[in-house]
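Engineer: What follows is a single structure, and I will ask about it in a moment.
The values are calculated or read from the model by the stated rules, or taken from the named source; none is laboratory data. Just so it is clear, the structure is predicted and the values come from calculations on it, not from any experiment. Neighbour counts run over all protein chains shown; Cβ positions are idealised from the backbone, glycine included. In case anyone asks, the SASA skips ligands and DNA or RNA and just uses the protein heavy atoms, side chains included. Shrake-Rupley method; radii C 1.70, N 1.55, O 1.52, S 1.80 Å.
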Amino acid sequence: MKKREVTKKLLAFGMMSAMIMSMAGCGDSGTPVDGSGSVENTQSANGGESAGSSTKEGGEGSSEQAGGDYGELGLVTIYPSNAATSSGLVTGYKADILARRGIQVEVWAYSEEKSNGILASGDLPDIMYVNYDNMATLIESGKILNLGEYLTEEKLPHVVADEPLMTALNYVKEFRSADTGELYGIPAQVGVFELPKDNGIWADTGRNAVKVNWDAYYAAGCPEIKSVDDLIPVMKKMMETTPTAEDGTKTWGTMLNSGSDATYWGNMQLWNKWFGYESDNLPYLIESDMVNGKYSSLLETGKDSLYYKGLKWYNQCMREGVMDPDSINNDRETQKAKVEKSLACMIPSGTCAGWAGYLPVYVEGQQLFPEKWVNTYGTNNYLVVSADCQDLDATLRAVDMLADADTFYEIVCGPEGILWEYGEDGLVKPTEYGLDVTINGKEYDFNGEKPVLWMDSDRLTSSAYSNSYMGPDGAREHRGLGEWTEVKEVNNNSDSYVQWRETFGYDRFYDQVVDKAAYHPFSDLDDVINFCPQPDDVMQLTIDAIKETVVAASWNMVYAKDDAEFEKIWDQMIQDCIDLNAGEVIQWRMDELEKAKGVRDSLKAK
């Protein structure tokens, strides 16, 4: 970016910056503590959020441990990424947590107008959160520090010790550094997939499993399921036992929708997930076998492909009378209402998995890849440090604090002796009060102070577990007691869970699939598609034409009257794709996937 372009961009943030900056209290510590803070999300003991009133904060922004080994507390100003964190000088028990780390924190009140004003004036707080476009502008204008110069065990120990976060930082240097190759921002909410603990809590594989409408399945006598073909007679029996849902909706064995056919035939999603595949590359007629780490072309695998087998199964469901015949007329919301609201589906498929009321069952031969809701390289929300920060050492301590899972444990779980305490064995356990308010959803406080989420969207730590607070099953989850073993054992002991355990003989679905050697948590294909480029306009036209061909043919195969009609449609679909030069599209994508693997591997923290 040329210098005059940077200047124009900074000026474009708005002519009202002077007025806005005076409102934001920039450049001083004068933000009022009481009455000026935004309303924070109040927090229930299980770590959830609910709309709450503003917190009444009292006391001074220091503690008995003021300064600790750091001497006088260093004041750090932070501008968060949203208004969920109250503005003003942090007080109360959170101030004690900060003081043990040698800092005081003043949070500047957030608004989009103030964000523009801060960026336009160049008068930044010590720490600010910005998107990449704004970070690039700040890099070019020299307004923020190169944090790579401080990436040491001495200055940022928790950042350096966090391997997934370090991998994300390699990504930032390569792709989010305004072509400098340096580290100017740290992404928030870097995600890492963590295995379920061996602690007796309920754990499954998310959408990546066959799920049954449990009450209907149990009423049908829990018939044995040895293969996906067995699902069809099982659905028939469930429909006979439960012909209508409680709201009077007619039940069907399974159902699809045509509203999810955005870039490929969407109804293949759950079928793929049942067998450890993902659907990301289906627009290019490529199957992604996450379990075995392989990509394959539909043109080459043909009738041996999982896609073909899925269509055959759906067609069999339709011909056997267990598929909702109105599937092609369902949109996503209609299907979702039937599955999740009415519970009128016996075994969800297509794109709608079913949650409450549905439990997973293992089908012999399945190999499962777990669902992962993580951001390996973080979100488009970057912590940057002002080049003019007043106390660099204190600011770096604040940065490192945001990468310390213990910080968020102490904020969310509160001071010792209220929700939690140390047992005689030195391990952390919930108090009776903590169990009561968490399990029963009661409001609580920390010595008169309302608990609130603080900097939750802006945390840098990648782990869901604390570093130092250990329970009987290892590190305690830092996002609230709702994830602790003692609470899960109560909350996950409903009639349905008890029936499931008695039926299958395992404490958790996770235990069952691990015992069957059917659980594969990591794949050689993880994160590869993040580094694939988009096709050019000409190729995209070809891809769009292929999509239209495949979607239409797939629906026709679902409704085919017999095997002969099905096979004819399949063969014609393949030929049509060949005529559309699908082979060139597949080869291009395969080449890009291979390159992407190399890029991904080069970024892994050493």
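Engineer: Mind checking which residues of the stretch 445-493 are in contact with a helix residue (DSSP H, G or I) (Cβ under 6 Å, 6 or more places away or on another chain) and among the β-branched types (Val, Ile, Thr)?
Structural biologist: THR461, VAL487, VAL490
Engineer: Okay, next question. Please specify each residue of the stretch 392-437 satisfying the condition of being of a type in the set (S, T, N, Q) and open to solvent by less than 10 Å² (accessible area, probe 1.4 Å).
Structural biologist: Our first condition is that a residue be of a type in the set (S, T, N, Q); within the stretch 392-437, this holds for 395, 407, 431.
Selection gives THR395, THR407.
Engineer: Exactly one condition in (1) more than 29 Å from the chain's Cα centre (by Cα); (2) open to solvent by less than 60 Å² (accessible area, probe 1.4 Å); (3) touching a residue at least 60 places away in the same chain (Cβ under 8 Å) is false for ARG589; which is it?
Structural biologist: The single condition ARG589 does not satisfy is (1).
Engineer: Continuing with the same structure: For the stretch 271-318, give me each residue that is open to solvent by 10 Å² or more (accessible area, probe 1.4 Å), of a type in the set (Val, Ile, Thr) and not in a helix (DSSP H, G or I).
Structural biologist: VAL291, the sole residue that qualifies.
Engineer: Which of the following residues is within 30 Å of GLY365 (Cβ to Cβ) and without any contact (Cβ under 8 Å) to a residue 40 or more places away in the chain: ALA552, ALA545, ALA517?
Structural biologist: On the way: ALA552 fails: within 30 Å of GLY365 (Cβ to Cβ); ALA545 fails: within 30 Å of GLY365 (Cβ to Cβ).
Residue meeting the stated conditions: ALA517.
Engineer: If CYS389 meets every condition in (1) open to solvent by less than 40 Å² (accessible area, probe 1.4 Å); (2) touching a Gly at 6+ places or on another chain (Cβ under 9 Å); (3) not in a helix (DSSP H, G or I) apart from one, which number is that one?
Structural biologist: (2)
Engineer: Of the residues that sit in the stretch 438-452 and are part of a loop (DSSP other than H, G, I, E, B) and of a type in the set (Asp, Glu), which one is most open to solvent (accessible area, probe 1.4 Å)?
Structural biologist: So the first thing to find is which residues in the stretch 438-452 are part of a loop (DSSP other than H, G, I, E, B), and the list is 440-445, 447-448, 450-451.
Pick out the ones that are also of a type in the set (Asp, Glu) and you get 443, 445.
Values: GLU443: 150, ASP445: 64 Å².
Checking each candidate, the answer is GLU443.
Engineer: Among the residues of the stretch 228-270 satisfying the criterion of being over 31 Å from the mean Cα position of the chain (by Cα) and closer than 29 Å to SER296 by Cα, which is surrounded by the fewest Cβ atoms within 10 Å (Cβ to Cβ)?
Structural biologist: ASP229
Engineer: Residues in the stretch 473-495 that are surrounded by fewer than 16 Cβ atoms within 10 Å (Cβ to Cβ) and either at pLDDT 90 or above or assigned to a strand (DSSP E or B) (or both): how many?
Structural biologist: The total comes to 2.
Engineer: Return the pair list, or none, for Cβ contacts closer than 6 Å from residues in the stretch 462-485 that are at positive phi to residues that are crowded, with 19+ Cβ neighbours inside 10 Å, at least 6 apart or on different chains.
Structural biologist: Correct list of pairs: GLY480/GLY47; GLY480/VAL412.
Engineer: Considering only residues of the stretch 574-586 that are in a helix (DSSP H, G or I) and without any contact (Cβ under 8 Å) to a residue 60 or more places away in the chain, which is surrounded by the most Cβ atoms within 10 Å (Cβ to Cβ)?
Structural biologist: Looking only at the stretch 574-586, we keep the residues that are in a helix (DSSP H, G or I), and these are 574-579, 582-586.
Next cut, without any contact (Cβ under 8 Å) to a residue 60 or more places away in the chain only: 575-576, 579, 584.
Details: GLN575: 11, ASP576: 17, ASP579: 10, GLU584: 11.
Filtering the stretch 574-586 for residues that are in a helix (DSSP H, G or I) and without any contact (Cβ under 8 Å) to a residue 60 or more places away in the chain, the one surrounded by the most Cβ atoms within 10 Å (Cβ to Cβ) comes out as ASP576.
Engineer: Among (1) closer than 26 Å to MET290 by Cβ; (2) modelled with pLDDT of 95 or more; (3) open to solvent by less than 70 Å² (accessible area, probe 1.4 Å), which single condition is ASP562 missing?
Structural biologist: (1)
Engineer: Answer yes or no as to whether ALA387 is of a type in the set (A, V, I, L, M, F, W, C), touching a helix residue (DSSP H, G or I) at 6+ places or on another chain (Cβ under 8 Å) and more than 30 Å from LEU231 (Cβ to Cβ). Give the derivation first.
Structural biologist: Working: of a type in the set (A, V, I, L, M, F, W, C): yes; touching a helix residue (DSSP H, G or I) at 6+ places or on another chain (Cβ under 8 Å): no; more than 30 Å from LEU231 (Cβ to Cβ): yes.
Against the criterion (of a type in the set (A, V, I, L, M, F, W, C), touching a helix residue (DSSP H, G or I) at 6+ places or on another chain (Cβ under 8 Å) and more than 30 Å from LEU231 (Cβ to Cβ)), ALA387 does not qualify.
Engineer: Just for the stretch 519-543: of the residues that are acidic (Asp, Glu) and in a loop (DSSP other than H, G, I, E, B), which one is surrounded by the fewest Cβ atoms within 10 Å (Cβ to Cβ)?
Structural biologist: Residues of the stretch 519-543 that are acidic (Asp, Glu), as a first pass: 524, 526-527, 536-537.
Cutting the leftovers down to in a loop (DSSP other than H, G, I, E, B) gives us 524, 526-527, 536.
Details: ASP524: 14, ASP526: 18, ASP527: 20, ASP536: 9.
In this case the residue turns out to be ASP536.
Engineer: Search the stretch 313-334 for residues that are assigned by the TED database to the domain that holds GLY259 and pair each with any residue that is of a type in the set (Asp, Glu) and buried (at least 21 other Cβ atoms within 10 Å of the Cβ) when their beta-carbon atoms are under 8 Å apart and the residues are at least 6 apart or on different chains.
Structural biologist: The qualifying pairs are ASN330/ASP324.
Engineer: Is it the case that the stretch 364-383 has a residue that's closer than 24 Å to SER81 by Cβ and in a strand (DSSP E or B)?
Structural biologist: Looking only at the stretch 364-383, we keep the residues that are closer than 24 Å to SER81 by Cβ, and these are 372-383.
Filter once more, keeping what is in a strand (DSSP E or B): 382-383.
Yes - at least one qualifying residue is present in the stretch 364-383.
Engineer: Can you tell me which residues in the stretch 412-437 are part of a loop (DSSP other than H, G, I, E, B) and within 30 Å of VAL160 (Cβ to Cβ)?
Structural biologist: Our first condition is that a residue be part of a loop (DSSP other than H, G, I, E, B); within the stretch 412-437, this holds for 414-419, 423-427, 431.
Correct list: GLY414, PRO415, GLU416, GLY426, LEU427.
Engineer: Restricting to the stretch 505-518, name every residue that is of a type outside the set (Val, Ile, Thr) and either open to solvent by less than 50 Å² (accessible area, probe 1.4 Å) or not in a helix (DSSP H, G or I) (or both). Give the steps one after another, and end with the answer.
Structural biologist: Step one: filter the stretch 505-518 for residues of a type outside the set (Val, Ile, Thr), giving 505-512, 515-518.
Matches in the stretch 505-518: GLY505, TYR506, ASP507, ARG508, PHE509, TYR510, ASP511, GLN512, LYS516, ALA517, ALA518.
Engineer: Consider SER466 carefully, then state whether it is touching a His at 6+ places or on another chain (Cβ under 9 Å) and either part of a loop (DSSP other than H, G, I, E, B) or at pLDDT 90 or above (or both).
Structural biologist: Numbers: touching a His at 6+ places or on another chain (Cβ under 9 Å): yes; either part of a loop (DSSP other than H, G, I, E, B) or at pLDDT 90 or above (or both): yes.
In short, yes.
Engineer: Go through (1) in a helix (DSSP H, G or I); (2) modelled with pLDDT under 90 for ASP406 and report which single condition fails.
Structural biologist: (2)
Engineer: Could we say that VAL599 is among the β-branched types (Val, Ile, Thr), touching a Phe, Trp or Tyr at 6+ places or on another chain (Cβ under 8 Å) and farther than 24 Å from ASP261 by Cβ here?
Structural biologist: Answer is yes for this residue.
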